[in-house]
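Quick notes on the structure that follows.
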Amino acid sequence: MKTRIRKIRPAELAFDIDGVIADTFRAFVRTARESYGVEIEYDAITDYDFRKVIDIDDETSDAIIERILEDPVGIGIRPIQGAVEVLRRLSGFGPLCLVTARTNREAIMEWVRQTLGFDNGDRIRLDATGAHEEKLPVLLEHGIRYFVEDRLDTCYLIQQSPVTPIVFQQPWNRQVHPFLSVESWNDIHDLVQWEAE
């Protein structure tokens, strides 16, 4: 981590889904190999716009992306290690705030419910904005002060606002940047103010 911040109250914290909670790019790599015979190394995805850095045709990548967006449960996206435990604990303090650029809210909400083991959505506030640029207004509306995100361009979009971006490290965001970084959900756990002060 590059800088230190005060402990974060659960109500001030929100999360992106893909690349932070959902191990979406690994599902992409696995599906490319198993369903299309395309071999991709996860660590070779060094740009969020992965088509710039991996050898895959548009038709195949579009088909995989469609499956990821429309049926995240069926394609078998797994949670990133440690996410479920930390999010379940956070949900005890109030609804989890999740903000994604996905458009199909119902599909990703079903994945979140099943992954976190919540029977209903009472402990989840999920906004599907349809665009990365639309995340900031939602975060501000919910009074969020810290947002965990894997896409650096989104972090730059929100950095001049009252919301502090926290980069969840992935191969596509390892270049030099000015933001606080976390490498795992253990790091996120350590940032949270779990007890009232």
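The values are calculated or read from the model by the stated rules, or taken from the named source; none is laboratory data. Everything numeric here is computed off the predicted structure, so don't read it as measured data. Neighbour counts are summed over all protein chains in view; Cβ atoms, including those assigned to glycine, are modelled from backbone coordinates with ideal geometry. The accessibility values were calculated without ligands, DNA or RNA, using every heavy atom of the protein model including side chains. Shrake-Rupley method; radii C 1.70, N 1.55, O 1.52, S 1.80 Å.
Of the chain, which part is the longest with no trypsin sites (Lys or Arg not before Pro) in a loop (DSSP not H, G, I, E, B) and with at most 14 other C-beta atoms within 10 angstrom?
8-173
Tell me the net charge near Glu110. Cut-off is 14 Å between Cβ atoms, Glu110 excluded, with +1 for each Lys or Arg and -1 for each Asp or Glu.
-1
Using a 10 angstrom cutoff on alpha carbons, build the Gaussian network for the chain and name the most mobile of Gly94, Gly82, Gly37.
Ranking Gly94, Gly82, Gly37 by mean-square fluctuation puts Gly37 first.
Over the chain, what is the relative contact order in percent, taking alpha-carbon pairs closer than 8 angstrom and at least six residues apart?
After rounding, I find 30 percent.
Positive end of the charge dipole of the chain (Lys, Arg +1 and Asp, Glu -1 on Cβ, about the Cα centre): tell me which of Val20, Ala107, Trp185 has its Cα farthest that way.
After comparing all options, I get Trp185.
If the only charges are +1 at each Lys and Arg Cβ and -1 at each Asp and Glu Cβ, what is the size of the charge dipole of the stretch 64-123 around the Cα centre, to the nearest 20 debye?
240
Using the heavy atoms of the protein chains alone and a 1.4 angstrom probe, what is the accessible area of the stretch 60-197 per residue in square angstrom?
Result: 47 Å² of accessible area for each residue.
Please get the size of the charge dipole for the chain, origin at its Cα centre, with Cβ charges of +1 on Lys and Arg and -1 on Asp and Glu, quoted in debye to the nearest 20.
In debye, rounded to 20, the chain gives about 880.
Under a point-charge model restricted to the Cβ atoms of Lys and Arg (+1) and Asp and Glu (-1), what is the dipole moment magnitude of the stretch 1-103 relative to its Cα centre, in debye to the nearest 20?
For the stretch 1-103, the charge dipole is close to 1100 debye.
Only bridges whose two residues both fall in the chain count here: according to DSSP, what percent of them are antiparallel, nearest 5?
5
Where Rh denotes the Kirkwood radius from the mean inverse Cα pair distance, what is Rg over Rh for the stretch 1-158?
With Rg and the Kirkwood Rh in hand, the quotient comes to 0.97.
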